[in-house]
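Okay, structure first, notes after.
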Amino acid sequence: MFLADVNPYIPAPPYLNSGDTAWQLTAATFVGLQSIPGLAILYGGLVKKKWALNSSVMCFYAFSIVLVCWVLWGYNMSFGAPAILGGGILGQLIGIPHFALDPNQIIGQGNIPLAASGMPPLRFPGAAMMYFQFVFAAITPILIAGSVFARMNFKAWMIFVPLWSSLVYTVGAFALWGGGWLSQMGALDYSGGYVIHLAAGISGFVAAAVVGPRLLADRQDFEPNNLIMALAGAGILWLGWNGFNGGDPYFANADAAAAVLNTNVTTAVALLCWLVLDMWSTGKPNAVSMINGMIAGLVGITPCAGYVDTAGAIGVGLCAGIIPWLTLNLIGQRPFMKRVDDTFSVLHTHGVAGLVGGLCVGIFANGNMIEYLSTDKKTSAVSASGLLYGGGFTQLIHQAQAAAFIIVFDAIATFIILKVISLIVPLRASQPEMEDGDLAIHGIDPIPPYPPLDIVKPAT
């Protein structure tokens with residue numbers, strides 16, 4: 001006998017709102033699609049043919065292992081009760097690690113110690129919050145992978161991802177999103193410009209330096225094996241970002257809609273900036289660079305999507321479109337920068353773009369944008385305004401302080417983690433593996449060469 005035969009209608013708990021719950025699960029799925037298959041397809045198309053399979057497998061592994069760590073300890077380290085490590089706000093750096101498997105936490109109300117004052121209780125279950133926050137945790141090491149493709153030992157990657165996710169990601173997430181000291185100070189990160197993208201850019205650059213460069217032959221010749229495939233992955237990434245930023249108000253409300261609109265406006269402006277700058281610099285449009293511009297725009301709007309109006313979103317698009325392009329094409333070409341082989345320039349497209357977007361909160365934030373519907377009135381969740389909206393330099397200073405913490409902590413922690421791993425397994429793949437790629441690592445060439453046209457026999 002089915003439960004429905006006894007009671008055909010099981011009412012939802014009083015706190016649960018079906019619209020909010022449905023949107024939160026949908027937004028989480030959009031973000032998950034950014035990782036698999038989005039980034040797996042994008043990376044698989046951008047890398048040299050012999051690395052197409054390995055790059056995608058690294059994505060799927062990271063997605064899986066982070067989920068297991070997340071429900072066992074990572075979620076509560078990021079959003080649980082704080083571990084008191086000393087006096088003052090600096091004594092609360094991380095949540096107490098413990099299982100997120102209790103039925104009360106899974107089906108109960110998904111509240112977290114939100115930094116946004118005046119925000120009413122969430123109207124969906126804890127499981128929706130856990131999964132939504134997981135897909136953010138999962139995509140971050142996948143972004144780091146873009147810095148170390150074509151030479152990192154897969155076994156080292158298997159150890160690195162759970163360690164980095166547990167010991168580095170959780171600290172930034174708790175500090176800015178879980179009620180930690182940066183949020184108490186007043187720093188804002190709407191959807192991960194610092195927690196995800198600045199962290200990935202800095203950690204990826206450190207990882208690329210510690211692991212070492214690709215083979216010289218790969219550095220000299222690393223042409224994309226399938227640009228149309230890469231553009232398909234980029235398109236999934238772009239539209240998946242609607243869930244990335246649209247889900248972070250935690251309500252299916254006006255701010256979610258504004259965040260989605262701002263996300264797309266900023267991305268379009270940044271993409272066009274890179275396209276025009278490339279044509280001005282080289283005389284030709286560049287498809288790979290255009291994808292980088294798209295990513296820089298998506299990253300740039302992420303920390304401020306719901307804090308800016310659409311005029312501000314255009315301003316963020318110009319900043320995210322121009323500044324990372326300049327750092328990549330000017331500073332990135334300096335000899336001291338080229339010593340570090342950051343395969344897909346994650347430092348610039350994610351690290352610099354995330355930093356720019358985070359600072360843009362202190363410039364373009366409009367305190368009238370965020371409103372949440374509570375039981376009796378609308379209350380502002382963010383009262384701070386940026387420099388251009390009469391807020392002075394206060395918010396900009398908070399944003400700079402938060403960025404400095406993420407940069408310093410993530411760089412040091414990533415370096416230590418990699419050095420510890422190197423005592424267990426080599427960080428670099430073996431010479432035969434780097435020469436043969438997928439064939440040596442996975443025992444298969446996923447894209448076998450086609451026979452020359454002159455020996456193809458006609459059908460009889």
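The values are calculated or read from the model by the stated rules, or taken from the named source; none is laboratory data. Remember, predicted model here, so these are calculated numbers, not experimental data. Every residue, glycine as well, gets a Cβ built from its backbone with ideal geometry; the counts of neighbours run over all protein chains shown.
Some values worked out for this structure:
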read-out: Index of the failed condition, LEU239 passing every other in (1) of a type outside the set (D, E, K, R); (2) free of Cβ contacts under 8 Å to residues at least 60 places away in the same chain; (3) within 30 Å of ARG123 (Cα to Cα); value: (2)
read-out: Tally, over segment 170-208, of residues that are within 21 Å of the chain's Cα centre (by Cα) and surrounded by fewer than 22 Cβ atoms within 10 Å (Cβ to Cβ); value: 1
read-out: Positions within segment 39-55 being modelled with pLDDT of 95 or more and either among the basic types (Lys, Arg) or within 30 Å of PHE99 (Cα to Cα) (or both), in sequence order; value: LEU39, ALA40
read-out: Helices (runs of 4 or more DSSP H) contained in segment 138-210 and holding at least 1 residues more than 19 Å from ALA28 (Cβ to Cβ) and among the β-branched types (Val, Ile, Thr); value: 154-164, 170-176
read-out: Tabulated pairs, segment 420-443, first within 14 Å of TRP157 (Cα to Cα), second loosely packed, with under 15 Cβ neighbours inside 10 Å and not polar (S, T, N, Q), C-beta under 8 angstrom, 6+ apart or interchain; value: VAL425/LYS155; LEU427/GLY212; ARG428/GLY212
read-out: Any hit, segment 439-453, residues being closer than 30 Å to ARG214 by Cα, surrounded by 14 or more Cβ atoms within 10 Å (Cβ to Cβ), at pLDDT 75 or above and touching a Pro at 6+ places or on another chain (Cβ under 6 Å); value: yes
read-out: Qualifying residues in segment 94-123 (those that are surrounded by 19 or more Cβ atoms within 10 Å (Cβ to Cβ) and farther than 23 Å from MET369 by Cα) - the one modelled with the lowest pLDDT; value: GLY110
read-out: Pick from segment 214-250, criterion under 21 Å from the mean Cα position of the chain (by Cα) and outside any helix (DSSP H, G or I), ranking: surrounded by the fewest Cβ atoms within 10 Å (Cβ to Cβ); value: ASP248
read-out: From ALA411, ALA402, residue being at pLDDT 90 or above, buried (at least 20 other Cβ atoms within 10 Å of the Cβ), in contact with a helix residue (DSSP H, G or I) (Cβ under 6 Å, 6 or more places away or on another chain) and assigned to a helix (DSSP H, G or I); value: ALA402
read-out: Of all residues making up segment 257-293, the number that are farther than 24 Å from TRP325 by Cβ and either in contact with a His (Cβ under 7 Å, 6 or more places away or on another chain) or surrounded by 22 or more Cβ atoms within 10 Å (Cβ to Cβ) (or both); value: 2
read-out: Residue list for segment 295-326, restricted to those being in a helix (DSSP H, G or I), among the aliphatic types (A, V, I, L, M) and crowded, with 24+ Cβ neighbours inside 10 Å; value: ILE295, ALA296, LEU298, VAL299, ILE301, ALA313, VAL316, ALA320
